[in-house]
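Report on the following structure.
The values are calculated or read from the model by the stated rules, or taken from the named source; none is laboratory data. All of these numbers come straight from a predicted model, not from anything done at the bench. All Cβ positions, glycine included, derive from the backbone under ideal geometry; neighbour counts span all protein chains shown. When the accessible area is computed, the model is the full protein with side chains, heavy atoms only, and any ligands, DNA or RNA have been set aside. Shrake-Rupley method; radii C 1.70, N 1.55, O 1.52, S 1.80 Å.
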Amino acid sequence: MGGCGSISGSAGEFTPARPGVLTVATSAVPSPGFWEGTAAHPTGGFEYELARELARRFGLDRVAVKVVHFHRIVRGHLGGADVAIDLLTPTSEREEALEFTGPYLKSAPTVLVRAGTEVPDLKTAQELRWGAIQSTTFVETIEDAIVPEGELVLFDGQQEVVAALEAGRIEATLLDLPLAVAIAERSGGKLEAVAQLPDKEALAVALPQGSPNRQAVDSAIRALTADGTIEDLLEEWVGDEAANAESEIPLLHTTLH
Amino acid sequence: MPAALTPALAGISLKSPSGATWEFLILFLVVIVGPPLMTRARVPGIIGLLVGGFAIGPYGLNLIGAGNTTVPDLGQLGLLYLMFVAGVELDLALIRIHRRAVVVYGVLTFALPMTFGTVIGLALGWVPAAALLLGALLSSHTLLLYPTARAAGLSADRGVATAVGATVLTDTAALVVLAAVSGTQVAGGSPASIAAQIVVGLAVLVAFTLVALPRLARLAFRFLGTDRVVRYLLAVASFLAAGTVADVFGIEPIVGAFFAGLALNRLVPNEGPLMDRIDFFGSAVFVPIFLVSVGLLLDPGVMVEGETLKLAGLFIAASLAGKAAASGIARLALGYSGPQATLMLGLTVPQAAATLAATIVGFNIGLFDQSVVNAALVLILASIVVGTLLVDRSVPTVPSPEAVAHRVGARILVVLTDPAQARLAFPLAARVAAADGGIVRGMLAAPAAEMAALEPRLAELQAAAYAAGVDAEPRLLVHHALAPAVVDTATESRATLVVLGVSTVDASFLGSDAEAVAAGLAVPVAVLLGSEAEVREVEVVREPADRPGGSAFDADGLAIDLGRRIAGAEVEANDLVPESLQSPRPGLLRIMPATSWQLMAGTADPGKGSAVLLLPDL
């Protein structure tokens with residue numbers, strides 16, 4: 001079975017780009033709770049372990065990680081990887097360049113600020129200096145739902161936006177809830193997740209357009225959801241905080257709600 | 001246009017519709033428009049919902065995107081609702097009558113497609129769990145075309161009744177296979193511990209649904225259920241509770257919902273008002289939304305792929321061959337006529353609810369991919385078309401069943417002249433109706449002049465009926481002459497038994513009204529005497545065998561039948577002796593056929609705590 005990528009004809013067949021290897025594209029390693037270690041030597045994290053579960057299900061021996069700019073991933077350039085696992089939300093625009101599985105997580109856009117900054121209402125939120133990672137759905141969410149008074153500052157990646165927040169160059173950003181909670185947890189009290197937006201976004205695995213593997217990966221994601229693997233991984237790598245945060249972080253009602 | 005308006009209009013900004021309101025609008029438009037469009041094209045309306053789901057879904061106009069969670073979540077609730085309704089609607093009384101044929105046909109129509117499906121799955125190289133699940137989805141069926149047979153007056157036909165009964169077995173067995181398969185996929189641990197978990201889970205589920213739930217529901221109906229909304233919500237909460245119990249043990253919640261339906265089957269008679277409401281919300285909202293949510297998965301790109309068409313062809317062949325073999329064997333073994341066997345086949349071929357359920361569960365747990373789901377949808381479409389053709393062809397050739405004995409408890413009309421009798425009359429009527437899964441209607445007879453005075457007392461009937469666990473929807477029967485009013489109402493409501501209540505023996509009432517009602521109706525009439533009885537014991541009394549009974553039914557047999565139903569145990573009839581006309585002792589209900597109004601009038605007033613049920617046999 002090793003390397004052939006076959007599970008069951010009823011759940012789709014998986015054919016890897018490189019025999020015996022599941023190659024995964026992602027944009028930021030390390031990413032707290034999601035990708036730990038380095039791309040060459042990943043040591044864990046929710047999305048890395050999810051990739052390993054997929055590889056195990058497809059009978060593949062190992063996972064190879066490719067760091068690709070987020071901007072390129074959403075345009076369908078996965079650098080030869082079989083799949084991209086990078087907190088990707090399916091949108092109609094992205095679906096023109098990528099194929100998506102069903103969601104492995106549903107997460108609310110969450111406001112991350114420096115400790116001490118309060119965001120009790122939309123008006124306060126609009127007065128803050130906002131930053132976001134370019135090409136993410138959060139850019140549109142901030143512009144349409146929050147409508148900040150100042151110019152939105154765009155950043156290349158997650159590390160840059162977090163650094164800008166810590167340095168005070170921006171006052172708030174939006175990230176997916178589990179990531180925002182994990183970053184806040186590891187910031188040593190410097191950052192805080194203070195509000196979540198009402199509409200959850202689906203996060204899914206992406207594949208190159210026309211990939212024959214979509215059905216197999218889609219079936220595998222559903223199986224890992226149904227048997228509790230994804231929930232266990234989330235608890236192990238992001239911790240109980242994310243689950244509690246969902247009910248504890250207050251909702252920020254925006255112009256769209 | 002005034003110049004001042006131009007900049008104002010230019011400043012108007014419109015945004016494209018989005019969010020929950022827009023999604024619900026799209027959803028309800030599909031539910032409204034889809035079925036009638038298809039019906040006009042002579043295609044079953046259910047197809048309109050599936051096609052509508054596709055049209056608005058990610059593979060159609062993408063108005064509801066792939067990442068949408070609202071519609072699938074609502075669809076999940078709709079699926080639970082569908083399975084609950086499937087359980088609650090089954091006519092268990094009919095199944096009891098033809099139980100041997102039901103068991104034989106049920107086993108055949110489950111086992112053959114199950115075997116064919118499993119063999120095909122294994123031959124395709126699927127893992128055993130996926131192959132077994134394929135067998136389960138092919139073996140179940142949905143009685144989509146039963147209304148056609150019923151409308152043709154064939155609901156009491158032996159073949160139709162057998163097909164209906166077999167549905168309980170096939171769907172239950174298919175859902176048990178589904179529970180086992182999903183349990184092995186979802187629960188972690190050793191095979192032994194998984195098997196133990198499923199066995200214990202099913203045992204707990206059966207105990208909860210079939211033992212605890214009816215009792216809890218009866219208590220809740222009695223103490224909380226005086227409000228129609230509350231009664232409906234209690235029914236919904238029941239299947240959600242059973243679904244949750246199933247889920248806790250790693251069994252699919254739809255199995256719990258189906259069992260909850262079976263458990264409440266007797267408490268929710270098919271022709272009762274609560275069933276009306278369950279049916280209404282199910283067919284208006286929940287079930288259509290489930291079907292639309294399934295349509296979201298339809299991907300024509302996948303559907304026309306060779307792999308999907310190959311799978312669909314195999315599924316259709318296995319299902320039709322299995323069902324056809326079952327009806328063929330049943331015809332030879334159980335002696336059905338050719339048209340009956342064709343009608344049975346037509347009724348058991350259509351696949352919808354349980355098939356969709358098994359398919360979607362298989363998809364959700366990652367055992368099936370989209371091509372299997374699409375092939376299953378092709379199977380559903382084909383099975384409905386084939387079933388419709390078979391039923392339409394066979395219905396005119398099956399002779400109408402000979403007049404069968406009315407099920408006396410199917411529709412009981414209780415007419416009281418004194419509201420104080422309600423606490424006695426409704427519990428007795430409820431026990432008689434329960435054996436047939438029947439309904440009880442209540443009326444308070446009100447001479448025209450007393451209408452205003454009696455109307456407030458309807459609340460007493462309502463409370464007594466609810467306390468007895470029936471939704472009698474009491475009404476006033478305003479009349480100038482009681483007997484014709486009762487006869488008209490009983491005829492109009494197709495009553496199978498009329499209970500006429502009178503608190504004390506009144507010769508003129510018995511000699512005129514009761515006699516006229518009994519003479520004017522072809523169905524049995526029971527005159528209930530007494531009001532403050534708590535029945536703990538039942539006695540049946542009969543006149544000598546050579547008495548001149550004149551009614552169309554066997555009054556002695558009916559007396560014993562009613563006695564058995566009310567007592568909940570077998571009863572024997574004693575011969576009429578002079579003491580039989582005396583007041584029964586407290587706690588005793590005496591049931592007595594009466595061949596003359598003089599005999600009825602000669603009966604003593606029942607003392608406090610006792611009652612008499614007279615069956616005029618004039």
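Listing for the model above:
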| item | result |
| --- | --- |
| Restricting the stretch B:483-516 to residues that are among the hydrophobic types (A, V, I, L, M, F, W, C) and modelled with pLDDT under 85, the residue that is farthest from B:Gly272 (Cα to Cα) | B:Ala507 |
| Residue satisfying all of: in the stretch B:317-364; open to solvent by less than 10 Å² (accessible area, probe 1.4 Å) and β-branched (Val, Ile, Thr); farthest from the other protein chains (Cβ to nearest Cβ) among these | B:Thr348 |
| The stretch B:77-91, residues that are in a helix (DSSP H, G or I) and either within 11 Å of the chain's Cα centre (by Cα) or of a type outside the set (Phe, Trp, Tyr) (or both) | B:Leu77, B:Gly78, B:Leu79, B:Leu80, B:Leu82, B:Met83, B:Phe84, B:Val85, B:Ala86, B:Gly87, B:Val88, B:Glu89 |
| Residue among A:Ala204, A:Ala223 that alone is farther than 28 Å from A:Lys123 by Cα, outside any helix (DSSP H, G or I) and within 11 Å of chain B (Cβ to nearest Cβ) | A:Ala204 |
| Count - residues of the stretch B:21-76 that are hydroxyl-bearing (Ser, Thr, Tyr) and in a helix (DSSP H, G or I) | 3 |
| Test: residue in the stretch A:24-44 that is over 19 Å from A:Ile230 (Cβ atoms), touching a residue at least 60 places away in the same chain (Cβ under 8 Å) and open to solvent by 10 Å² or more (accessible area, probe 1.4 Å) | yes |
| Test set (1) modelled with pLDDT of 90 or more; (2) farther than 16 Å from B:Ala382 by Cβ; (3) of a type outside the set (S, T, N, Q) - B:Ile316 fails condition number | (2) |
| Of all residues in the stretch B:140-167 being small (Gly, Ala, Ser) and at pLDDT 85 or above, the one that is nearest to B:Leu320 (Cα to Cα) | B:Ser140 |
| Matching entry among B:Val398, B:Val391 (being in contact with an Asp or Glu (Cβ under 9 Å, 6 or more places away or on another chain), within 30 Å of B:Leu143 (Cα to Cα) and among the hydrophobic types (A, V, I, L, M, F, W, C)) | B:Val398 |
| Sole exception among (1) under 21 Å from B:Ala353 (Cβ atoms); (2) open to solvent by less than 40 Å² (accessible area, probe 1.4 Å); (3) away from every other protein chain (no Cβ under 14 Å) for B:Ala130, by number | (3) |
| Any hit, the stretch A:183-199, residues being open to solvent by less than 30 Å² (accessible area, probe 1.4 Å), within 13 Å of A:Arg114 (Cα to Cα), away from chain B (no Cβ under 14 Å) and assigned to a helix (DSSP H, G or I) | yes |
| Any hit, the stretch B:387-401, residues being in a helix (DSSP H, G or I), within 14 Å of another protein chain (Cβ to nearest Cβ), crowded, with 19+ Cβ neighbours inside 10 Å and at negative phi | no |
| The stretch B:583-618, residues that are modelled with pLDDT under 75 and open to solvent by 50 Å² or more (accessible area, probe 1.4 Å) | B:Trp597, B:Gln598, B:Asp605, B:Leu618 |
| The stretch A:147-168 - residue that is among the aliphatic types (A, V, I, L, M) and in contact with a strand residue (DSSP E or B) (Cβ under 7 Å, 6 or more places away or on another chain) and, of those, most open to solvent (accessible area, probe 1.4 Å) | A:Leu154 |
| Residue tally, condition closer than 18 Å to B:Ser383 by Cβ and touching a residue at least 24 places away in the same chain (Cβ under 8 Å), over the stretch B:325-352 | 15 |
| In the stretch A:226-253, residue nearest to the other protein chains (Cβ to nearest Cβ) [restricted to those that are surrounded by fewer than 16 Cβ atoms within 10 Å (Cβ to Cβ) and farther than 30 Å from A:Ile146 by Cβ] | A:Gly228 |
| A:Asp232, sole failed condition from (1) outside any helix (DSSP H, G or I); (2) within 27 Å of B:Ile365 (Cβ to Cβ); (3) not polar (S, T, N, Q) | (1) |
| Single unsatisfied condition, B:Val160 versus (1) farther than 30 Å from B:Ala101 by Cα; (2) open to solvent by less than 40 Å² (accessible area, probe 1.4 Å); (3) touching a Pro at 6+ places or on another chain (Cβ under 9 Å) | (1) |
| Where a residue in the stretch A:79-96 is more than 14 Å from chain B (Cβ to nearest Cβ) and its partner, wherever it lies, is open to solvent by less than 10 Å² (accessible area, probe 1.4 Å) and among the acidic types (Asp, Glu), with Cβ under 6 Å and at least six apart | A:Ile85/A:Glu47 |
| Any hit, the stretch A:99-106, residues being more than 14 Å from chain B (Cβ to nearest Cβ), at negative phi and either in contact (Cβ under 8 Å) with a residue 24 or more places away in the chain or touching a strand residue (DSSP E or B) at 6+ places or on another chain (Cβ under 7 Å) (or both) | no |
| Residue tally, condition touching a strand residue (DSSP E or B) at 6+ places or on another chain (Cβ under 9 Å), surrounded by fewer than 16 Cβ atoms within 10 Å (Cβ to Cβ) and small (Gly, Ala, Ser), over the stretch B:453-480 | 1 |
| B:Ser383 being in contact with a Gly (Cβ under 9 Å, 6 or more places away or on another chain) and either of a type outside the set (Phe, Trp, Tyr) or in contact (Cβ under 8 Å) with a residue 40 or more places away in the chain (or both) | no |
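Rundown of residues vs (1) closer than 21 Å to B:Ala321 by Cα; (2) within 14 Å of chain A (Cβ to nearest Cβ), yes/no style:
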position	(1), (2)
B:Tyr105	yes, no
B:Leu108	yes, no
B:Phe116	yes, no
B:Gly135	yes, yes
B:Leu145	yes, no
B:Arg150	no, no
B:Val160	yes, no
B:Thr167	yes, no
B:Ala174	yes, no
